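All remarks here apply to the structure that follows.
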Amino acid sequence: METQKRSKMAWLWENMKGYRAIYFIGILGTIVYNVMQLTVPYFTQMIIDIFLTGDEAAANLVNKRDLFFQLIIAMVGLTFLRTLIVYLVCMDVEHVSQKVLYRIRTHLFDKIERQDMSFYNTYRTGDLMTRVTGDLDAVRHMIAWVLRSIVESFSLLLATTVYFFYMDWRLALAILAIAPFIMVVIVKFRNKVAPRHKELRAKLSLLNTAAQENISGNRVVKAFAREDYEIKKFDECSVDFSQTNKKTALTWISYFPYIETFANLMPIVLLVVGGLFIMNGQLTMGEYVAFSSLIWAVQNPMRMLGNIMNEFQRFSAASEKVMEIYYSEPKIVDKPEALDLPQRFRGKVEFKNVSFQYEDGNMPVLHNISFVANPGETIAIMGETGCGKTSLIQLIPRFYEPTEGEVLVDDINVNDMKLTQLRKNIGLATQDVLLYSDTIDGNIAYGDSSLTKEEVEKFAKYSAAAKFITKMPEGYDTIVGERGVGLSGGQKQRISLARALAVKPAILILDDTTSAVDMETEKQIQHSLNELDFPCTKIIIAQRISTTKFADKILIIQDGRISESGTHEELVAQKGYYHSLVQLQTGEEV
Ligand code: DGT
Ligand code: MG
């Protein structure tokens, strides 16, 4: 999709904005220190030719003593300078790579955070975690190591080639004639290793997903005593990953001998051809030594290329995954012409012929739903499990958009509102309660951190949570663990209710929020919901008649359709589903 439009390197380049100049200096430094590698052999060649082997060697040693020492000092000095440059270059590229990593990571998190509900249905947590950790590191490695190594190899190779040709072009040609063979091997290797890295990356994601799901689902595992089963399953993922890893490494190893053989042919060619040239007087001994001491500078880049190719393919596989998220866009966003509605909403909610189907589902879950909740009214929604209640209420804050029909709040289509303004007016207590690893106080004040302690306590009272909170050793400062470990289901529900109330919403939506609390507590909650000190429309999904009885309107949903609607008395009189519920729950004939 979008990912394909921009090449990986262009994407990387784009993200290096602001650091390109200093990265470029690093690359320049890389070229400099590699070219400097030639200085030692160059001076060695001079020393040998002037002071050791030439006809005037003995005389030069006496007459040109100064030159001798100058050459030695220059060699040592340049070596130190070179080391310093290498150090600075490493610092430089590391700095840039960390900055770019930080930039991309922040962008990714931002993207993930702003995604739609459907995004979270598509991507698994473990996979997303892999993208922001392992995959991103491969991107960083590209900047810190791969690119620099490419420049390093090529500049060294190029400088040496030039120097070789400068000394003796025929010998240079003879040695470098081997290079194309190595190139062919490298290209073959690349084609082989690219799919391996894709596979490896997918396996890592599976491994991380398995770990993540087991850690967060540990209670289910324990409850079913499935530890051994899960350990075995994880082990399989782990073995699979390590085997793929081994296969990837073996791919390189299988090509390595060819490259080594060709690379090792170079000194042999030098020995044979160079030897002949010396015998013919075409080559000085100093030049031969220079060739010989620089042969590694041709061999090494050739050897390195395989490694570089390997890392390049790793980057390629990883960056594809990172870019997918990087360029992902939530589908549910503010329209350009979205209305600005900064005032508090009145709280009218209306569904007009709404039908809805999940994008990844194959059947509509809601059919032609129409109802109105006037400001301040209480609407109860009931129905069998899976009939579409949660799906219905999720359309109000526009977590999903209807496939047909309209959802209106204060007579305006929610699609025409700004998401933050719409959602700020809605207090939602979801069916699956998730509390953050924070204090109870922090959890209740999640939607409005400016809340005073007194207000937090007031909302805890509204949701009948104050009593059990004050009984806790640290009261409102008690930290509730990850996912609220340490609290009962009903306690969590009540904190979640307080959290929804604390934003003083114009529309309060409760999805089965009192299902786990006892009848008595529920009654208290009911009472305080009627006594709220701010106007509020309530849409309450519940299973108990005691909760829904006093609603202004009760909607019965069956298979995604409203089958009955009216007040308690009206529905009882209809003698339909609601009537049978009443009989079932009260045990009385009504
Ligand atoms: P509950 O909470 O058990 O009382 O059931 P409801 O009434 O809240 O059911 P709901 O709205 O969660 O699900 C209605 C149908 O939609 C059910 O067949 C499952 C399906 N469904 C729910 N969430 C998703 C989803 O994210 N994707 C897809 N494809 N289907 C979903
Ligand atoms: Mg539900």
**Fill in**
Filtering segment 413-430 down to residues that are in contact (Cβ under 8 Å) with a residue 60 or more places away in the chain, among the β-branched types (Val, Ile, Thr) and open to solvent by less than 20 Å² (accessible area, probe 1.4 Å) yields Ile426
**Request:** Give the residues of segment 431-440 that are open to solvent by less than 80 Å² (accessible area, probe 1.4 Å) and either within 16 Å of ligand 2 (Cβ to nearest atom) or without any contact (Cβ under 8 Å) to a residue 24 or more places away in the chain (or both), sorted by residue number.
**Result:** Val433, Leu434
**Checking Ile469 against (1) open to solvent by less than 20 Å² (accessible area, probe 1.4 Å); (2) of a type outside the set (Gly, Ala, Ser); (3) within 16 Å of ligand 1 (Cβ to nearest atom), the condition it does not meet** = (3)
**Item:** Test for Lys549: is it free of Cβ contacts under 8 Å to residues at least 24 places away in the same chain and assigned by TED's automatic domain parsing to the domain that holds Ile379
**Value:** yes
**Request:** Collect the residues in segment 397-454 that are part of a loop (DSSP other than H, G, I, E, B) and within 16 Å of ligand 1 (Cβ to nearest atom), keeping them in residue-number order.
**Result:** Pro397, Arg398, Phe399, Tyr400, Glu401, Pro402, Thr403, Thr430, Gln431, Asp432, Val433, Leu434
**Fill in**
Of the candidates Met302, Met285, the one satisfying the condition of being in the same structural domain as Val193 (by TED's automatic domain parsing) and either at pLDDT 90 or above or open to solvent by less than 50 Å² (accessible area, probe 1.4 Å) (or both) is Met302
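Assess whether Ser205 counts as being crowded, with 20+ Cβ neighbours inside 10 Å, touching a Ser or Thr at 6+ places or on another chain (Cβ under 8 Å), in the same structural domain as Leu28 (by TED's automatic domain parsing) and small (Gly, Ala, Ser). Even if it seems obvious, please write down each step before you answer.
Working: crowded, with 20+ Cβ neighbours inside 10 Å: yes; touching a Ser or Thr at 6+ places or on another chain (Cβ under 8 Å): yes; in the same structural domain as Leu28 (by TED's automatic domain parsing): yes; small (Gly, Ala, Ser): yes.
Answer is yes for this residue.
Every residue, every condition in (1) touching a Leu at 6+ places or on another chain (Cβ under 7 Å); (2) assigned to a strand (DSSP E or B); (3) within 16 Å of ligand 1 (Cβ to nearest atom), yes or no:
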position: Gln491; (1), (2), (3): no, no, no
position: Ala500; (1), (2), (3): yes, no, no
position: Pro505; (1), (2), (3): no, no, no
position: Ile509; (1), (2), (3): yes, yes, yes
position: Ser515; (1), (2), (3): no, no, yes
position: Glu520; (1), (2), (3): no, no, no
position: His527; (1), (2), (3): no, no, no
position: Pro535; (1), (2), (3): no, no, no
position: Gln543; (1), (2), (3): no, no, yes
**Prompt:** Of the residues that make up segment 457-466, is at least one surrounded by 21 or more Cβ atoms within 10 Å (Cβ to Cβ) and within 33 Å of the chain's Cα centre (by Cα)?
**Reply:** no
**Prompt:** Considering Arg196, Arg148, Arg131, Arg124, which residue is in contact with a Gly (Cβ under 8 Å, 6 or more places away or on another chain) and either under 30 Å from Ser242 (Cα atoms) or not assigned by TED's automatic domain parsing to the domain that holds Leu294 (or both)?
**Reply:** Arg148
**Request:** Considering only segment 329-388, give the strands (runs of 3 or more DSSP E) lying wholly within it that have at least 1 residues that are surrounded by fewer than 16 Cβ atoms within 10 Å (Cβ to Cβ).
**Result:** 349-356, 366-373
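The values are calculated or read from the model by the stated rules, or taken from the named source; none is laboratory data. Not measured: the values here are computed from a predicted model. Here Cβ is always computed from backbone atoms with ideal geometry, including for glycine, and neighbour counts include all displayed protein chains. Heavy atoms of the whole protein, side chains included, go into the accessibility calculation; ligands, DNA and RNA do not. Shrake-Rupley method; radii C 1.70, N 1.55, O 1.52, S 1.80 Å.
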